[in-house]
Amino acid sequence: MKKISMYIMLAVAGWSLTACDESHSDWVEPVVYEQEPGIVIQGFEATPTAIASSSINLGTMTEDAIQLFTLKKGTLPAGVTLENIRLEAKPADKENATAHNVVASEDGMVTKEELAKLVYAFYGKKATERTFNANLYANALKGKESQLITLGSFQLKLTPEKLEDPYYYIFGMSTTTAVASANKYVMTPVEGNDMAYTYTTKFFGSNDMLIWNINYWKNDRLNNDFSKVYGTEVKGSKAESGNVTQGNAQNYFIAPKKNVFYTFTIDLEALTFTWTELENQNQPTYTNISLIGVGGDWDNDIDLTAVDRNKHNWYVQYTFTADTQLKFRANHGWDTNWGFGSADGEWNATNDWAKICTVDAKNITITAGTYDIYFCDITGAAHFVPVEE
């Protein structure tokens, strides 16, 4: 039925209605405002601030909240309150997307956290400016009746914070990785996409797995806070691909099949994941993977430790006392060794922390310091992550 009582009440109060609504929905606990056609009321409108009309960089924003609009309000009829003021925004380049709600206060303030959630809902965490079309709404409430009020519309240009560290850890039963040792399982960045990462191994066991950024692993795990881990959108999914969500520690990534070699890829830009089964399911194994050449010593190896059950991913933390060149090699011999590029020092691992090494390529350069060092003998992925003192 029509909200006759609400319309009569508004009309008596002298409000001018420019649209009407044919639906009615009671207000029950918890409060849920079902979307409906809004009405425009003379004297009730929002004006964007200068900040809202400019580009907003959340990475340089120092305030907890900023004012995006000023709200002009007329006098409400007796018993009517204006509640649930919010922006409903969606990307300008995604017309068919479902709008995301951004909570706002009556004085036009919106928190930095709310704006970040808006960007992440559609684009992930790459520090790129995004344009959103936003409509500002509120609900006029009296008793169990409500009416959607349209207050204005404008565009927002938002740039999310740049991630401080591009290091993501993988942990869970699929790799028999405990949370405390997740730092031994770093993911490899995808060339040409600085928000996509991979991990290649044979996935065992119950195949449950989550992803954590290094900063959250260092801090949140100490408080058993898993609110920032990445998992699947659909709990229990064994699909070869799907969407990624953040904050649900029960939504594990699960390999489609057990005891199979896969490359797992997560794209934090598109918020998607894929499992790619390797064509070669009989990968060669090695007794040792080591560094050779450190400090000019090409005779004595520095061994890495295998961190996955089938011994294809290796790790060591090591302090280089001086700048040096080095290579990776298998079984303390030269039959199988890995380097990078066509000239010694082409890869300076201090400046670029991850590369895909190839067999018999040239020496890698690294400057003095302490590093977490990782190597995958299936893909040749090598990583040098500096350790903070």
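Quick notes
- Straight-distance candidates among the aspartates and glutamates for linking to Lys238, with alpha-carbon spacing under 20 Å and chain neighbours fewer than 8 residues away dropped: Asp208, Asp267, Glu277, Glu279.
- Cβ crowding within 10 Å ranks Ile356, Ile378 as Ile356, Ile378, fewest other Cβ atoms first.
- Each Lys or Arg adds one and each Asp or Glu takes one away; over the other residues whose Cβ falls under 13 Å from the Cβ of Glu129, this sums to +2.
- Under the combined filter of DSSP loop state and at most 15 neighbouring Cβ atoms within 10 Å, the range 85-119 retains these GluC sites (Glu not before Pro): Glu95, Glu106.
- Above-threshold pairs, the threshold being 20 Å between Cα atoms, out of Lys184/Lys311; Lys90/Lys157; Lys90/Lys126; Lys90/Lys144; Lys162/Lys235; Lys126/Lys157: Lys90/Lys144; Lys162/Lys235
- Per-residue ellipticity at 222 nm from helix content only, as computed over the chain with -39500 (n - 2.57) for each DSSP H run of at least four residues, stands at -2000 deg cm²/dmol.
- Residue-normalised convex hull volume from the C-alpha trace of the chain: 172 Å³ per residue.
- For Thr49, residues with placed amide H under 5 Å, excluding near neighbours: Phe69, Thr70
- Local net charge near Phe204, Cβ-Cβ under 13 Å (Lys/Arg +1, Asp/Glu -1): +3
- Protection proxy ranking of 307-314, 154-161 - average other beta-carbon atoms within 10 Å, highest first: 307-314, 154-161
- Amide H contacts under 5 Å for Cys357, placed H, 5+ residues apart: Ala381, Ala382
Only the coordinates and a few stated rules stand behind these numbers; no lab work does. The structure displayed is predicted, hence computed values, not measured ones. FYI the Cβ positions are ideal-geometry reconstructions off the backbone, even for glycines, and counts take in every protein chain you see.
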